[in-house]
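Contents: one structure, followed by commentary.
The values are calculated or read from the model by the stated rules, or taken from the named source; none is laboratory data. Nothing here was measured: the structure is a model prediction, and the numbers come from that model. When we count neighbours, we look across all protein chains shown, and the Cβ atoms used for this are built from the backbone with ideal geometry, even at glycine. Surface accessibility is based on the protein's heavy atoms, side chains included, excluding ligands, DNA and RNA. Shrake-Rupley method; radii C 1.70, N 1.55, O 1.52, S 1.80 Å.
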Amino acid sequence: MDPTICLHATPKAWLLHSVLAPHADTFASHLRQRRYSAGTRGSYLASIAHLARWMTQCCLPLRLLDEDSVERFLLKHVPRCDCPRPVMRTRGDLRAACAHLLNVLREQGVIAERARATGSIAEELSRYDEHMRDVRGLTEDTRSGRLRIAQRLLLYKFSDGPVVTGQLQPDDVRQFIATQLDLRGTTSNATTLVSALRAYLRYRVVCGDRVHALLGVIAAPAHWSLASLPRALKPFEVKRLLASFTAALPSPRRGYAIVRCALDLGLRSSEVAKLQLTHIDWRAGTITLKRTKSRREDILPLLALTGRALADYICHERPETTNPAVFVRRQAPRDQPIGVDAVRRVIRDAYRRISLTHGRTHALRHTLACRLLDHGSSLKEVADVLRHRSLNTSLIYAKRAHPRLAAVALPWPESAR
């Protein structure tokens, strides 16, 4: 048992007189290695002590402990728990502690690996995933999004029965789309839904199914190419945004460096999260981007302001870690890179501090493109900096080149009079 944790005598006895007792020290060491605080370690140990008592009551062997057992514990026992106090009943702590425990037990080979989903729908989704990965060459994030929507469609129609694509009718697809849009009726959700459904049905065409009637009922939401203006920050908004990272924030240097990477280099949120120390060549003044959206390796110049922001964060605020990622977690589990959501949250929080009404992190890429155009760069140069594979993607910025548009504008008839 972790000597730094003062676990109450009753939960401690539950744990030490259960089938989990031989693994308590390993569990505590697992939490220490991830630099969880003493308070969190105590809560998690009290949580598995509660689980241990329930396992003893149910005579559940350790080898049969798995996610289904944990769900029974959380959903059936905890709501009507009558275990004597003190006892941990916080659902979030219980779930997190049990997840760590299962990982520890699997690393030791005590319990079996988590069983993969079986059944007709699981097999269909597995084949579809292999097709997207091996034939289409899609990234994991794209595949997971399309798999979620395909799974919803198959569950909606076939439930737990066999998947027979020929039984899918146009009305089934219409009703499924209507159900999904009732839950979230935004244009972006409709576009994502339509794209994923069409992709899955095209896969079924490759498999030899006749689904053209189904494709015909999937109508995309109205969207006119180049109809809108890219939302970019004005110069005074950029100054306020950068100045908002004050010493009062938990990690001002990290947030400032993240914004500079997006604003000066046009990095996407995923590219900021994946940035590693080995990707930065300080002597040559370059950054190498790997595993980008376009599945290429790009080399960008490291601007002086961006380099100073990164160096300031790395030298004075980055936690001690063996992880090669530039931006790592401040809180447990430590020694892990931050995720895409953390990058977006940093930028959105900065927007709120200066009272910007929108929260899209992509606006910083738009700001860089507009700034390049204002300083005389061509659309081709903008496309190169933003790493667009097609010049057509950059045509939207032609609307923001106000001086050049004014130069080609024809005089209004009779305007001289």
Across (1) open to solvent by less than 30 Å² (accessible area, probe 1.4 Å); (2) closer than 23 Å to residue 396 by Cα; (3) in contact (Cβ under 8 Å) with a residue 60 or more places away in the chain, residue 255 clears everything bar (2)
Write out, first by first residue and then by second, each pair whose Cβ atoms fall under 7 Å of each other, whose residues are 6+ apart or on separate chains, and whose first residue, in segment 199-215, is open to solvent by less than 60 Å² (accessible area, probe 1.4 Å) while the second is not in a helix (DSSP H, G or I) and not β-branched (Val, Ile, Thr). 214/168
Residue under question is residue 185, and the condition is that it be open to solvent by less than 70 Å² (accessible area, probe 1.4 Å), free of Cβ contacts under 8 Å to residues at least 12 places away in the same chain and not β-branched (Val, Ile, Thr); does it hold? yes
What are the residue pairs meeting all of these: first residue in segment 84-95, first residue over 11 Å from residue 50 (Cα atoms), second residue at pLDDT below 85, Cβ atoms under 8 Å, and 6 or more apart or on different chains? none
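When you go through 176, 236 one by one, which is the residue that is aromatic (Phe, Trp, Tyr), modelled with pLDDT of 90 or more and closer than 30 Å to residue 394 by Cα?
Numbers: 176 fails: closer than 30 Å to residue 394 by Cα.
Unique residue meeting the criteria: 236.
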Report, by residue number, each residue of segment 305-332 that is touching a Lys or Arg at 6+ places or on another chain (Cβ under 7 Å), part of a loop (DSSP other than H, G, I, E, B) and more than 14 Å from residue 250 (Cβ to Cβ). 321, 332
Please go through segment 333-351 and give me each residue that is under 30 Å from residue 29 (Cα atoms) and part of a helix (DSSP H, G or I), ordered by number. 340, 341, 342, 343
Has segment 376-383 got any residue that is modelled with pLDDT of 85 or more and open to solvent by less than 80 Å² (accessible area, probe 1.4 Å)? no
Which residue, of 281, 264, is open to solvent by less than 20 Å² (accessible area, probe 1.4 Å), over 24 Å from residue 140 (Cα atoms) and acidic (Asp, Glu)? 264
Considering only segment 292-302, I want to know if a residue exists there that is in a helix (DSSP H, G or I) and surrounded by 13 or more Cβ atoms within 10 Å (Cβ to Cβ). no
Within segment 212-233, can one find any residue that is outside any loop (DSSP other than H, G, I, E, B) and of a type in the set (Ser, Thr, Tyr)? no
Restricting to segment 131-154, name every residue that is surrounded by 12 or more Cβ atoms within 10 Å (Cβ to Cβ) and among the aliphatic types (A, V, I, L, M). 132, 138, 147, 149, 150, 153, 154
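Those residues that are surrounded by fewer than 20 Cβ atoms within 10 Å (Cβ to Cβ) and of a type outside the set (Lys, Arg), I need them from segment 339-350; list them, please.
The initial filter retains those residues of segment 339-350 that are surrounded by fewer than 20 Cβ atoms within 10 Å (Cβ to Cβ), namely 339-342, 344-345, 348-349.
Answer for segment 339-350, where residues must be surrounded by fewer than 20 Cβ atoms within 10 Å (Cβ to Cβ) and of a type outside the set (Lys, Arg): 339, 340, 341, 342, 349.
Can you name the residue in segment 303-336 that is of a type in the set (Ser, Thr, Tyr) and without any contact (Cβ under 8 Å) to a residue 40 or more places away in the chain and, of all such residues, is surrounded by the most Cβ atoms within 10 Å (Cβ to Cβ)?
Residues of segment 303-336 of a type in the set (Ser, Thr, Tyr): 306, 313, 321-322.
Now restrict to residues that are without any contact (Cβ under 8 Å) to a residue 40 or more places away in the chain: 321-322.
Values: 321: 14, 322: 6.
If we take residues in segment 303-336 being of a type in the set (Ser, Thr, Tyr) and without any contact (Cβ under 8 Å) to a residue 40 or more places away in the chain, then 321 is surrounded by the most Cβ atoms within 10 Å (Cβ to Cβ).
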Say whether the condition of being surrounded by 13 or more Cβ atoms within 10 Å (Cβ to Cβ), part of a helix (DSSP H, G or I) and at pLDDT below 90 is met by at least one residue in segment 101-114. no
